[in-house]
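The values are calculated or read from the model by the stated rules, or taken from the named source; none is laboratory data. Please read all numbers here as calculations on a predicted model, not as lab measurements. When we count neighbours, we look across all protein chains shown, and the Cβ atoms used for this are built from the backbone with ideal geometry, even at glycine. Ligands, DNA and RNA are stripped out before the accessible areas are found, and what is left, the full protein with its side chains, is counted by its heavy atoms. Shrake-Rupley method; radii C 1.70, N 1.55, O 1.52, S 1.80 Å.
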Amino acid sequence: RDHLSNVEEIYCDGSLSEQDTLLICQVLTDNPGKVNLRTFSLPNNDLTINSAERIARMLLINSSIRRLDLRHNLLGPNGLSALMQPLLTNNSSLKSMILENNRLSHKSCTHLSILLRDANIEELDLANNKIGVKGIKEIAPHVGRTLKKLHLARNSLRTRGVKILAKSLEGNRNHHLQFLDLTNNQMGTQGMSALSDWLLIHHETQLKRLWLGCNDFGPSCGAIWSSIFEYNSTLVEVRLGGNQLGNDGIVALSEGIKNNHSLQVIELNWNQISDVGAVALATALRTNGALRVVDLSGNQIFQRGSVALAQSLPYNVTLKELHMADNLMDDDSAKAFADVLSERHCVLEKLYWDQNPRMSLSGFKMLENSTHFRRNVRQWFTPRLVEKK
């Protein structure tokens, strides 16, 4: 109580009972003139509607909070409803609202749509809830107003829900969205096609990071991604893991990567890629001048694909990190990478090769020696500070 004016952040992860939460909120409510709180984070505390009601009273008194983090609790639609009134009437400072995994449903989205419409929210995290198609229909019209980050992973949006969101974004040329997470929403090929229409029509959109893992795309979406990578100039990170793109999808996608100048991170892990797809991607890496991280872990890349990727590295001046764990690399694959990594002009800094069962101890030793060399190279070229006399 004596030092409340110095407290700008309260963070309690998994350590509070509901009674503790009520006590904290009571102290903050009873001392409005002393509080200058910016961040209020109570994740993983099993908070229910009772806590939500007390937090709501505290928010009515304290309007300085910019980040409200209540992820992994038990608020439900009624708990969220209790929070809405103070947020809409007395908290113009709020910028970030984290509600991941709170048993929210489409019923919660009517309140959230009003918040997005009337407040200046920049980040909304609804991951791991069940808002579904009905929920996204409520909030989609207001997503582009001030929102910069939107987390909607694992919300059962499916194809129809993603189409609704894409159509809303397509119709809003002035949206501010920079980050969109739609991981594991079963959008399928048609949902991906709807997103691509938006990304291609507004190829200079502000969107920089797009997470679309585990969405049942299939190989036919490779051509869609090829067009996106060819024409879009703003995406810097794309996550496509677990989408069964296969060799056909990766071959098509690689064509778009060849001359892309913005994409820095791409995740293609667990996509049923074998040597054919890896060779196509290796060819693209020879001319690409932007990628810094490529994740190919969890595929079926054997010797030919691994060697092709290794031999592309001397031609690539940007790639710093390559994930090859859980593939089918053998000793010849290890030697190809070791030879390249032992050259000083190679810029790769991190190579992940664990869980490759076809590689013997000899292969592992070759890679270990070459990566030790790379670390030494970086130390040799680190400029030394010379003390002035």
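Descriptive notes on the structure:
- Filtering the range 162-188 to residues that are more than 18 Å from the chain's Cα centre (by Cα) and charged (D, E, K, R) leaves Lys163, Lys167, Glu170, Arg173.
- Inter-residue pairs, beta-carbon under 6 Å, first of a type in the set (Ser, Thr, Tyr) and in the range 14-26, second not in a loop (DSSP other than H, G, I, E, B), 6+ apart: Thr21/Ser51
- Within the range 191-297, strands (runs of 3 or more DSSP E) holding 2 or more residues that are buried (at least 22 other Cβ atoms within 10 Å of the Cβ) and at pLDDT below 95: none
- Neighbours by Cβ (under 8 Å, 6+ apart or cross-chain): first from the range 30-43, closer than 14 Å to Glu123 by Cβ; second of a type in the set (Val, Ile, Thr) and outside any loop (DSSP other than H, G, I, E, B): Thr39/Ile10; Ser41/Ile10; Ser41/Ile98
For (1) more than 19 Å from the chain's Cα centre (by Cα); (2) among the basic types (Lys, Arg); (3) open to solvent by less than 70 Å² (accessible area, probe 1.4 Å); (4) more than 17 Å from Ala194 (Cβ to Cβ), each residue gets a yes or a no:
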residue	(1), (2), (3), (4)
Arg117	yes, yes, no, yes
Glu123	no, no, yes, yes
Val143	no, no, yes, no
Leu152	no, no, yes, no
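- Total residues in the range 115-147 satisfying the condition of being β-branched (Val, Ile, Thr) and at pLDDT 95 or above: the figure is 4.
- Filter pass, Ser108 being in contact with a helix residue (DSSP H, G or I) (Cβ under 6 Å, 6 or more places away or on another chain), modelled with pLDDT under 95 and surrounded by 22 or more Cβ atoms within 10 Å (Cβ to Cβ): yes
- Applying the set (1) closer than 19 Å to Arg239 by Cα; (2) among the small types (Gly, Ala, Ser); (3) open to solvent by 10 Å² or more (accessible area, probe 1.4 Å) to Ala127 leaves exactly one unmet item: (3).
- Within the range 327-337, tally of residues that are open to solvent by 10 Å² or more (accessible area, probe 1.4 Å) and either modelled with pLDDT under 95 or closer than 17 Å to Val293 by Cβ (or both): 0
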